[in-house]
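Encoded as structure tokens, the structure appears first; notes follow it.
Values quoted throughout were computed directly from the atomic coordinates according to the rules given, and no laboratory measurement underlies them. Just so it is clear, the structure is predicted and the values come from calculations on it, not from any experiment. Because the Cβ atoms are built from the backbone with ideal geometry, glycine has one as well, and the counts that use them run over all protein chains shown.
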Amino acid sequence: MKYIVALFIIGFSFTAKSQILNAESLRKVTDTSGFSGSASLAFSLKRDVNDYLSFGSNIHIQYKMNKHLVLLKNDIQFQNIEGNKFENSGITHLRYNYRFHPRIAWEIFAQAQYNKVSKIEFRGLMGTGPRFKLTTSEKYKFYFGTHIMYEQEELSDGVTPLQRDFRSSSYLSLSLYPTKTITFVSTTYFQPKLNDFGDYRFTSQSSLVIDLINNLAFSTTYTFSYDETPAIGIPNSQYNFESGFVYSFD
């Protein structure tokens, strides 16, 4: 069984772990209809404002029927900042995918998140757009998506006003299956404001997943993200290195 785990963020483009949730992290490759999903526990070493350790858990549920696919992800993370105190972050993502062509699907999604460390009090968004499958091989897969989304963001830096913007959200994703037990996925996102392309977010995330026994797998993920206009006092670039275990079910 091949399972695509969190890459960009994802994510939290993941995600509370980064500023962009990686939608590819939500997809479980399966030929069967009905419900499937996973639950995971992970530990990570991160750097943004400070260096710190974190641990988190997430639940992913997927429903597939013919040309329809529904994805739901809920992710919570606790972060110990330089040994002092714990701060938390979380994200909920809902996505509907309709495949009207063997290599083209239309997506609609909504997301809500918060991140205390990055001073994101609340970020909510809704978007839609096409997703293209660029290859036909089962050993490697390329996907390209381009969406338009509306975003509302409230920061807790005491300076930045409430922001309401339209952004473009494009991604390129690569999935490799060198063996039956190993999966490698890498995804890159680019999200500029439609009225100001100089205000953009960029995230690149790569994950290696190794199947262990039954439905249990080990995953390790590296994420790099860049935000041209973060909250006051937050660095433009952040990274996250995370490892953990994933249990998937059908």
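Points to keep in mind about this one:
- Farthest toward the positive end of the dipole of the stretch 138-249, out of 189, 245, 202, is the Cα of 245, where the dipole comes from beta carbon charges about the Cα centre.
- Among 139-151, 180-192, the order from most to least packed when residues are scored by Cβ within 10 Å on average: 180-192, 139-151
- Close amide H partners of residue 229, meaning residues 5 or more places away or on another chain with modelled amide H under 5 Å apart, are 200.
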